[in-house]
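One structure below.
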Amino acid sequence: MLIAPSILSADFANLERDLHRIAGADWAHVDVMDYHFVPNLTLGLPVVEALQRVSPIPLDCHLMIDDPDRWAPAYAEAGAESVTFHIEATADPRKLVKDLHAAGSKACMALKPGTAFAPYEELLDVVDMVLVMTVEPGFGGQSFMADQMPKVREVREAINRRGGQIRIEVDGGVSASTIEQCAEAGADVFVAGSAVYGADNAAASIDQLRDLATACAGHA
């Protein structure tokens, strides 16, 4: 069970400090938005390169951008542990996965809430992770969409049928009150923004989330 706090909820004037606040997490989730694929603008490659130099934990870059076929490999080259592209924006996902692997990162495909998984199941042959969005991408602090749990189960069942070692990540509204639903459905990577950075003790919040997910998965 991996916890990946989203620095979208961090203080952008103190990103290095806020990365060290989550040093006990597994990954730092970095939301890259271009104001085209989603109606928000956050940060880009130069900031990711700077974060990579100072982060105590690996970077999990979630690219909510147009034309990831062109831009995504650079994030892998910058040292990201995992690079996520949106299947809705990708022209040739198999080639992109190959390019990301060649650049040294894991490759993940993301699905917006309205995007069905079934048409892309065959990509389980090449990707390392599937990100199921549990909010509409673009802004932090949104309410968790429990109606995405059947999609998480569908992805987990497909992975189990194929016998792969592919992770399932959930992103959006993940907190102590929702993470058990996600773990029970089959997720094993959890992006939490305000639930961690809005807590008085970020480290304790990370530990709580991991314990809840682990206990739920063990019971399931």
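The fraction of all Cα pairs in region 99-156 landing in successive 5 Å bins from 0 to the largest distance is 4, 17, 27, 21, 15, 12, 4, 0, given as whole percents. For region 18-72, the set of chymotrypsin sites (Phe, Trp or Tyr not before Pro) satisfying both a DSSP loop assignment and a count of at most 13 other C-beta atoms within 10 Å is given as Y35. Working note: Cα atoms of region 73-172, range along each principal axis, descending, whole Å: 36, 34, 22. From largest to smallest, the equivalent ellipsoid semi-axes obtained for region 125-190 from the alpha-carbon gyration tensor read 21, 12, 9 Å. For region 154-220 and region 109-132, what is the separation of their C-alpha centers, rounded to whole Å? What the calculation gives is 17 Å, centre to centre.
For region 22-137, the fraction of C-alpha pairs farther apart than 25 angstrom is 16 percent.
Computed over region 12-72, the convex hull of the alpha-carbon atoms projects to a mean area of 4.3 nm². Once the Kirkwood radius over Cα pairs is known for the chain, the Stokes-Einstein relation at 25 °C and 0.890 mPa s delivers a diffusion coefficient of 144 µm²/s.
Read-outs throughout are calculated quantities, based only on the coordinates presented, and are distinct from any laboratory measurement. Not measured: the values here are computed from a predicted model. Every residue, glycine among them, receives a Cβ derived from its backbone with ideal geometry; neighbour counts consider all protein chains shown.
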